[in-house]
Amino acid sequence: MYRNVIFDLDGTLLDFHAGEREGVRQILLAHGITDVEGGLRRYQQINQRVWAQIEAGHPRTPLFNHRFATLLATYGQHVNGTRLQAKYAATLAQNYRVIPGSHYLLGQLRQRGVRLFVGSNGEEAVQVQRLTGAGLLDSFANVFTSEALGAAKPAPEFFTHLLAQLPADAQSSIVMVGDSRQADIVGARQVGIDSIWYHPQDKTQPGGIDDYRQLLKMLIN
């Protein structure tokens with residue numbers, strides 16, 4: 001049985017896609033773009049490239065501040081990307097939706113004395129606000145974000161900096177749980193942390209597990 005669990009948030013416990021969709025939708029409509037589905041696809045392509053650069057070690061803030069300028073440029077519009085990023089982040093921070101089963105899973109682990117931590121690539125203030133609104137913040141002993149740690153998953157520094165801030169008795173019997181094979185699973189394993197690939201929002205991915213009951217069994221057995 002694992003005594004300490006580090007959870008990723010978006011796509012693992014929190015429904016990130018709902019907030020992402022609403023934030024992008026508002027920006028598109030505000031700029032006269034009514035094909036929301038097409039605009040969302042364009043944004044996701046841009047955002048995938050942005051996150052690939054972040055996970056490769058590039059600074060996140062300038063990349064975030066440029067992605068909506070890049071998106072609107074594909075429609076021939078020149079906009080203030082920093083301003084739109086702030087608008088998007090404000091919308092995202094109001095997304096308190098959880099993946100069904102999250103409350104039960106965390107509750108069962110806490111009842112068994114398992115100590116829970118967050119390990120997220122999200123922005124600090126946004127993630128704390130979302131956890132608070134979702135009623136999950138009190139489940140965790142600490143929340144660690146790449147913004148605060150100074151490195152993004154899967155960089156080894158993310159995990160080593162996180163481990164350095166844990167109590168001494170939390171550095172053994174520990175596992176990382178997340179939905180990203182590269183950021184969460186490969187990232188944790190390269191520094192010797194056990195990992196479980198858990199992707200409840202995408203049941204089409206081969207490998208890993210997509211059901212919280214399975215995950216609970218793996219964590220407590």
Just one listed residue, out of A73, A141, is within 28 Å of I27 (Cβ to Cβ), open to solvent by 20 Å² or more (accessible area, probe 1.4 Å) and among the small types (G, A, S), and it is A73
Evaluate the following for V126: is it among the β-branched types (V, I, T) and out of contact with any Ser or Thr (no Cβ under 7 Å at 6 or more places or on another chain)?
yes
Cβ pairs under 9 Å, 6+ apart or interchain, first in region 16-44 and part of a loop (DSSP other than H, G, I, E, B), second open to solvent by 10 Å² or more (accessible area, probe 1.4 Å), ordered by first then second residue, are H31/Y75; H31/Q77; H31/V79; G32/Y75; G32/Q77; I33/Y75; I33/Q77
- [ ] Please verify whether region 35-44 includes one or more residues that are among the aromatic types (F, W, Y), in contact with a His (Cβ under 9 Å, 6 or more places away or on another chain) and more than 22 Å from V128 (Cβ to Cβ).
- [x] no
Residue pairs qualifying under the 7 Å Cβ cut-off, at least six apart or on distinct chains, with the first in region 143-158 being under 16 Å from A52 (Cα atoms) and the second being open to solvent by less than 20 Å² (accessible area, probe 1.4 Å) and part of a loop (DSSP other than H, G, I, E, B), are S146/N121; S146/A152; S146/K153; A152/N121; K153/N121; F158/A151; F158/A152
Scanning region 61-102 for residues that are among the charged types (D, E, K, R) and either assigned to a helix (DSSP H, G or I) or over 19 Å from Q44 (Cβ atoms) (or both) gives R67, R83, K87
Going through region 147-205 in order, the residues found to be open to solvent by less than 60 Å² (accessible area, probe 1.4 Å) and on the phi > 0 side of the Ramachandran plot are S173
Of the residues in region 200-221, those that are among the hydroxyl-bearing types (S, T, Y) and either under 17 Å from L105 (Cα atoms) or not in a loop (DSSP other than H, G, I, E, B) (or both) come to Y212
Those residues of region 103-138 which are open to solvent by less than 50 Å² (accessible area, probe 1.4 Å) and in a loop (DSSP other than H, G, I, E, B) amount to G113, V114, N121, G122, A134, L136
Within region 58-70, the count of residues that are open to solvent by less than 60 Å² (accessible area, probe 1.4 Å) and either within 19 Å of E147 (Cα to Cα) or aliphatic (A, V, I, L, M) (or both) comes to 6
- Query: Is it the case that N80 is touching a residue at least 24 places away in the same chain (Cβ under 8 Å) and either buried (at least 18 other Cβ atoms within 10 Å of the Cβ) or over 22 Å from the mean Cα position of the chain (by Cα) (or both)?
  - Reply: no
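The values are calculated or read from the model by the stated rules, or taken from the named source; none is laboratory data. Remember, it's a predicted structure, so these values are computed and weren't measured experimentally. Every residue, glycine as well, gets a Cβ built from its backbone with ideal geometry; the counts of neighbours run over all protein chains shown. Note: areas computed on protein heavy atoms with side chains; ligands, DNA, RNA excluded. Shrake-Rupley method; radii C 1.70, N 1.55, O 1.52, S 1.80 Å.
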